[in-house]
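Read the structure below first, then the notes.
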There are 2 protein chains.
Amino acid sequence: MGHGASVHAALAAVVGDQHVRLPDPAQSDALRPYLRDWRGRYEGRCLAWVQPANTAEVVDVVRVCATNGWPIVPQGGNTSLVGGAVPDDSGTQIVLHLGRLTHVRVLDAPNLSITVEAGCTLDAVREAARKAGLMFPLSLASGGSCTIGGNLATNAGGTQVLRYGTARELCLGLEVVTAQGDCWQQLQGLRKDNTGYALRDLMIGSEGTLGIITAATLRLFPMPRGEATALVSCRGLAEAVTLLHRARQALDAGLVAFEAMAPRALALVQAHLPAVTSALPAAASAGHHGWAVLIEHTSPHSQAHAGDTLAALLADALADSLIDDAVVAQSERQRAAMWALREGIPLAERTEGIMVKHDIGLPASRLADWSAETEQAIGRQWPQARVVCFGHLGDGNLHYNVQAPPAQAHGDAFRAFEQEVNRLVFDAVRAHGGTISAEHGIGVLRREELVRHRDPAAIAAMRAIKRALDPHNLLNPGRVLG
Amino acid sequence: MGHGASVHAALAAVVGDQHVRLPDPAQSDALRPYLRDWRGRYEGRCLAWVQPANTAEVVDVVRVCATNGWPIVPQGGNTSLVGGAVPDDSGTQIVLHLGRLTHVRVLDAPNLSITVEAGCTLDAVREAARKAGLMFPLSLASGGSCTIGGNLATNAGGTQVLRYGTARELCLGLEVVTAQGDCWQQLQGLRKDNTGYALRDLMIGSEGTLGIITAATLRLFPMPRGEATALVSCRGLAEAVTLLHRARQALDAGLVAFEAMAPRALALVQAHLPAVTSALPAAASAGHHGWAVLIEHTSPHSQAHAGDTLAALLADALADSLIDDAVVAQSERQRAAMWALREGIPLAERTEGIMVKHDIGLPASRLADWSAETEQAIGRQWPQARVVCFGHLGDGNLHYNVQAPPAQAHGDAFRAFEQEVNRLVFDAVRAHGGTISAEHGIGVLRREELVRHRDPAAIAAMRAIKRALDPHNLLNPGRVLG
């Protein structure tokens, strides 16, 4: 029996023949979706691909892998933006795909909680909550593909963090399979539980390197009775930050989303996705010369309360010349158009050409200075490059992408500068007390930068924890820590 | 030089002579406040007591202790309810008191954050925020004594968790001195930061066993424009839980506190603190035969909005016979009286006599069944014992105290049953998917129970983490894990 055959046999003994696949040179594309990352930057090989049916099978697969020393790459929807979910090119790693763990185990409406398995897509979780008249607020553009296990493993963010927090804050408890092939659970849906170390929070955001999340209990929320959305134009980022502060005072937790878009981001959507901008209310599409801010306000009281309170905030801001213009969506169609503008930016960017992407975060009080300095520095170094900046301003988290000069928009010429661009952006971020990864995580892409970014004592603590929980470096090796 | 003198010299070399004290048999009371816990259940001895001035001195004290193998008990306000902050009786441990680390380092109003040192009292942090027109919402009865370092080390809860979360959710970042005498920081005040493992969340709630928190950056919130408080009477716990669900739908994040008090808790306050009940609005003090619920609602809009919305909720609940009675406070004096009722319960209990205390949490959906079953079981076993139940119903977290039979109210007779009472209560809690410590932590008091309560794989993970970060068991040994 060749090595491949014995690998197949060992895994098939756990999950059944049809749920194990080996790489087959004759069918080079069959496993490719699992070996290549979402952005197309990483493509690896695997020893085998295995899809257990439930937690007990995950336990047994991990035991087989541990016994044989086969490293495991846990995979959900494979939507990582930092290469966190695909195997490396050694061909020695097992892709453990969670795609069959899709049960909604319990929806406890009086407790406002739901227990789901890791392979449920985010949209499936949202839909299960909606059917019970409740809401699961995590909101990502990749909701139809990404899985809740991956959302938790990466502590996903998205557009409603301002109100509801990241995936970590939405999670009441986990079920985790350890590197030893044991399992622990904390799925009771408790709001408070101070019984020992925060294993839940440690697992969340550990990107599959400390344990394999197989199920989670999540917080649900009552459906708001009213929802109002506005598109606002501000002169610059500093004004948008001031508006944010005012909006928090006036709307408190009703302020659900506060998304910002720099002029160049809007121009790209206008250029490449004209249908999106033409669907906007006339006043909003008349031409934004400043920054645009998309504000979403919900109310537990009524639609009128949501709209009136938001309109009053914007009227005050207009009267004070803090903003230049504002439109409140008058229909679901207009609301959808505003979100389409915001969510169209990444596609418009890709259409425009290649870029060097960043996912940075800063204190609100430093954003405007940092942005001005960094854009100047980039302009000095690469006069034809164009910064495209947009994102979750309410959380101080911006996607800060340096688009190649028009002449190098396609092809690989600008890629040569990637490291240099990163260095410039990240050094400026650090100088202003920011983070090099606000929501995307570390994966492979930011592994070297992580060591530059955090205190040596913090890196040492992380390495000690990794060795303690996964002494044979079995779980997603080479991600987060090199 | 005797051992005591050499200990003194080594520590004084770091912090100066006057900030080290040795136990002195001739002055037996001088160190006693630091050696005896808040509830008077634990009294230990120490090798020395040391009070460093700042983080750099904490680092050096830890290095001296590590070199000499002296275990360290970090201490803030010494208000632990589980014996987590006093040394054991070996006389080998150093009490490292954080009481001189009291600076407010930065208050960044536009970023809604504040950076404070660990020895600041909770009230001092709240006051610093208030002076800037902002709010730090952590709210504990011991606010004048407890320190923010202790609040974070124990992941403190309190009366506003329902809206604002526990100490963990209020913390944006920490400064921590490790068992190796190194220091890491993450004090930039970032809303989102996915750069590696969640060391912050791991330290929070680790009760000084994984690192010493020396400073923290905390979230602040805009001051609400309106606040309304009501005292409501419900037939039983099940009705109170239904009211909670309705209140969450109607008030959403405006629902700041939802505190419940069983009839016997109210009766104790009436008996022992008559001034408190006489200050209540007439309708509220007319005699509660059922459970009382204290509801606090805040509004970012106005006082009228806070009051009207709460009144509308209660009118609906009355119309549906879900509640028997409700009074909305009409003055700050009435509001204070309502809170005095709730906060008077522990004192009334102590006046009544000895009890066996628990701090349990359950899913909202299981509270009523669990409570009925447990009270029956206690009645069968100890017919004269009386359950006094009250607390943070909005979080599913109740203080569940079994008061000794009247004949044994004073003296130690009932103490003999403590373990048996605990076993009965905790087994019932587990059977209903609850926790044995919702907010007080583990300390020494729940150390044995923790091992019974959590999965062996979770306990193994905790032990591995402890060994990894503190291999010589230097930090608060014997707390959390035995």
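The values are calculated or read from the model by the stated rules, or taken from the named source; none is laboratory data. No experiment lies behind these values; they were computed from the predicted model shown. We place every Cβ from the backbone using ideal geometry, glycine too, and count neighbours over all the protein chains shown. Please note that ligands, DNA and RNA were not included when accessible areas were found on the heavy atoms of the full protein model with its side chains. Shrake-Rupley method; radii C 1.70, N 1.55, O 1.52, S 1.80 Å.
Just the Kirkwood number for region B:385-481, please: inverse of mean 1/r across all distinct Cα pairs, in Å, one decimal. Display every interim value, and only then the final one.
Working: mean 1/r = 0.0642 Å⁻¹.
Its Kirkwood hydrodynamic radius stands at 15.6 Å.
By how many nm would the segment from residue A:473 to residue A:430 lengthen if fully extended, with 0.36 nm per residue of separation less the alpha-carbon distance? It would help to have the intermediate numbers written out before the result.
On the way: separation 43, 0.36 × 43 = 15.48 nm, distance 3.04 nm.
Additional length available on full extension: 12.4 nm.
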So, R0 is 56 Å and r is the distance between the beta-carbons of residue A:29 and residue B:90; what FRET efficiency does that work out to, to 0.05? 0.25
In region B:328-482, with Lys and Arg counted as +1 and Asp and Glu as -1 at Cβ, which of these residues, B:465, B:443, B:405, has the Cα nearest the positive end of the dipole, that is, farthest along it? B:465
Output the residues of region A:105-122 meeting this criterion: accessible area (heavy atoms, 1.4 Å probe) in the chain alone minus accessible area with all protein chains in place is 50 Å² or greater. A:110
What is the mean number of Cβ atoms from other protein chains located within 10 Å of the Cβ atom of each residue in peptide A:459-467, rounded to a whole number? 6
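How much of the accessible area of chain B, in percent, comes from carbon and sulfur atoms when a 1.4 Å probe is used?
That fraction is 50 percent.
Per residue of B:199-206, how many C-beta atoms from partner chains lie within 10 Å of its own C-beta, taken as a mean? Could you put the intermediate results ahead of the total?
Values: counts 9, 3, 9, 7, 3, 4, 7, 3.
Going residue by residue through B:199-206 and averaging, the value is 6.
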Nearest 0.05, what FRET efficiency do residue A:67 and residue A:320 give at R0 = 56 Å with Cβ-Cβ as r? 0.25
Just going by the charge dipole of the protein assembly as shown, with Lys and Arg at +1 and Asp and Glu at -1 on Cβ, which of B:268, A:64, B:230 is farthest out on the positive end? A:64
Percentage of Cα-Cα pair distances in chain B greater than 29 Å, rounded to whole percent? 52
Relative to the longest principal axis of chain A, what angle (0 to 90°, nearest 10) does the C-alpha long axis of helix A:332-352 take? 70
Using a simple charge model, +1 on the beta-carbon of Lys and Arg, -1 on the beta-carbon of Asp and Glu, nothing else, what dipole does region B:85-219 show about its Cα centre, in debye to the nearest 20? 580
Which of rounded, prolate, oblate describes region B:370-429, given a ≥ b ≥ c as roots of the alpha-carbon gyration tensor eigenvalues and a/c under 1.5 marking rounded, otherwise prolate only if a/b is larger than b/c? prolate
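Quote the convex hull volume per residue of the protein assembly as shown, based on C-alpha atoms, as a whole number of Å³. Spell out each step's value before the answer.
On the way: hull volume 168.0 nm³, N = 964.
Enclosed volume per residue, from the Cα hull, is 174 Å³.
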How tilted is helix B:55-68 with respect to the longest principal axis of chain B? Cα atoms for both, answer in degrees (0 to 90, nearest 10). 60
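For a quick protection proxy, order the peptides A:117-128, B:401-412, A:444-455 by their average other-Cβ count within 10 Å, most packed first. All intermediate terms of the calculation are to be shown ahead of the outcome.
Working: A:117-128: 21.2, B:401-412: 16.9, A:444-455: 18.7.
So the order, starting with the most tightly packed, is A:117-128, A:444-455, B:401-412.
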When the charge dipole of region A:37-194 is computed with +1 on Lys and Arg Cβ and -1 on Asp and Glu Cβ about the Cα centre, the Cα farthest towards its positive end, among A:96, A:82, A:180, belongs to A:82
Above-threshold pairs, the threshold being 30 Å between Cα atoms, out of A:131/A:357; A:131/A:466; A:466/B:192; A:192/B:466; B:131/B:192; A:192/A:466: A:131/A:357; A:131/A:466
For region A:265-284 and region B:384-413, what is the separation of their Cα centres, given in Å? 64
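Can you give the accessible area per residue of region B:62-129, in Å², using a 1.4 Å probe?
Working: 2160 Å² over 68 residues.
Averaged over the residues of region B:62-129, the accessible area is 32 Å².
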Determine how many Å³ per residue the convex hull of the Cα atoms of region A:316-424 encloses. 133
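Report the charge-dipole magnitude of chain A in Debye, nearest 20, computed about the Cα centre from +1 at each Lys and Arg Cβ and -1 at each Asp and Glu Cβ.
Working: 42 positive and 47 negative charges, 82 e Å.
Roughly 400 debye for chain A.
What is the mean projected area of the alpha carbon convex hull for region B:27-151, to one decimal in square nanometres?
Details: hull surface 33.9 nm².
For region B:27-151, the mean projected area of the Cα convex hull comes to 8.5 nm².
Roughly speaking, what is the stretch gain from residue A:410 to residue A:303, that is 0.36 nm per residue apart minus the C-alpha to C-alpha distance, in nm to one decimal? Mind dumping the intermediate values first?
Working: separation 107, 0.36 × 107 = 38.52 nm, distance 4.65 nm.
Taking residue A:410 through residue A:303 to full extension adds about 33.9 nm, to one decimal.
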Using the Cα atoms as the points, what is the convex hull volume per residue of region B:237-325 in Å³? 101
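Could you work out the local net charge near residue B:352, counting Lys and Arg as +1, Asp and Glu as -1, over the other residues with Cβ closer than 15 Å to its Cβ? Spell out each step's value before the answer.
Values: positive: B:264, B:350, B:357, B:386; negative: B:349.
Summing Lys/Arg as +1 and Asp/Glu as -1 gives +3.
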Magnitude of the Cβ-charge dipole (Lys and Arg +1, Asp and Glu -1) of the protein assembly as shown about the Cα centre, nearest 20 debye, reported as 660
At what distance in angstrom do the alpha carbon centres of region B:1-63 and region B:210-232 lie from each other? 32
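For residue A:322, what charge total do you get from the other residues with a beta carbon under 12 Å from its beta carbon, if Lys and Arg give +1 and Asp and Glu give -1? Before the final figure, lay out each step's value.
On the way: positive: A:235, A:246; negative: A:239, A:316, A:320, A:324, A:325.
Residues close to residue A:322 contribute a combined charge of -3.
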Calculated label separations, residue B:36, copies of the chain, 7 Å along the beta-carbon direction, nm: 7.3
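What is the mean number of Cβ atoms from other protein chains located within 10 Å of the Cβ atom of each residue in peptide B:362-369, rounded to a whole number? Working shown, then result.
On the way: counts 5, 12, 9, 8, 5, 2, 0, 0.
That average works out to 5.
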Considering only the label points, 7 Å along Cα→Cβ from Cα, what distances in nm to one decimal separate residue A:4 from the same position in each other copy, shortest first? 7.7
What number in nm² do you get for region A:186-251 if you take the convex hull of its Cα atoms and divide its surface by four? 8.4
Provide the net charge surrounding residue A:440, with neighbours chosen by a C-beta distance below 14 Å and charges set as Lys +1, Arg +1, Asp -1, Glu -1. 0
Chains B and A: buried accessible surface, both sides, probe 1.4 Å, rounded to 100 Å²? 6900
If I fit a long axis through the Cα atoms of helix B:237-251 and take the longest principal axis of the Cα atoms of chain B, what angle between them do I get, 0 to 90°, rounded to 10? 80
Given only helices, namely DSSP H runs of n ≥ 4 each adding -39500 (n - 2.57), what is the per-residue ellipticity at 222 nm of the protein assembly as shown, to the nearest 500 deg cm²/dmol? -11000 deg cm²/dmol
